[in-house]
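S.K.: Right, I'll just put the structure down here and ask away after.
Taken together, the values in this text are just the output of simple stated rules run on the coordinates, not laboratory data. All of these numbers come straight from a predicted model, not from anything done at the bench. Ideal geometry is used to build each Cβ from the backbone, glycine not excepted, and the neighbour counts take in all protein chains shown.
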Amino acid sequence: MAKYKLKRHHPDDSVCKILRDAETEAPPDIPLTKKDLWVLERIAIFLERSRLNTYIGMMEKPSRWFILNIWGGVGRGIGMAIGFTILGAALFLVLQKIVVLNLPIISNFFADILDMVEGYRSVSP
């Protein structure tokens, strides 16, 4: 196994101080431990899974980004239309069942709503 070396800095050092130190005196190289290698491997796996390079490639081509967003919006719009249609139909069926139960005040109110819907449906081609 090859010896990997990493220049370590004290956690309190700021980036400016680290850059300034790099010009004057570099900290001694310390070999990495097994835990350090494990952490680096986990970071590498995370970066590969995040597919950051795909995102960067997408940002370099704004036209492709635009087209994908258009298609995503169309898909979401169609999904919402289908979902609202199914929910509306389910609500309509529930209202019909409530009217059939013949509850005193609620049934009259829902019957009026259903009559309006039926009237609209007969007028529409």
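S.K.: Could you list K34, K61 so that the one with the fewest beta carbons within 10 Å of its beta carbon is first and the one with the most is last? Intermediate values should be presented prior to the final figure.
M.R.: On the way: K34 8, K61 11.
In order of increasing Cβ crowding within 10 Å: K34, K61.
S.K.: Calculate the spin-label point distance for T85 paired with I56, positioning each point 7 Å from the Cα along the beta-carbon direction, and give it in nanometres.
M.R.: The modelled label-to-label distance comes out at 4.4 nm.
S.K.: Express in nm, to one decimal, how much length is gained between W65 and S122 on full extension, taking 0.36 nm for each residue of separation and deducting their alpha carbon distance.
M.R.: 16.0 nm is the gain from fully extending W65 to S122.
S.K.: Fewest to most neighbouring Cβ within 10 Å: what's the order for V99, V123?
M.R.: Details: V99 19, V123 7.
Lowest count first: V123, V99.
S.K.: Note down the nm distance, to one decimal, between modelled labels 7 Å out along Cα→Cβ at I113 and at R76.
M.R.: Using points 7 Å along Cα→Cβ, the separation is 2.9 nm.
S.K.: Using DSSP to define loop residues, name the trypsin sites (Lys or Arg not before Pro) in the range 59-125 whose beta-carbon has at most 10 other beta-carbon atoms within 10 Å.
M.R.: Details: sites: R64, R76, K97, R121; in loops: none.
Hits after loop and neighbour filter: nothing returned.
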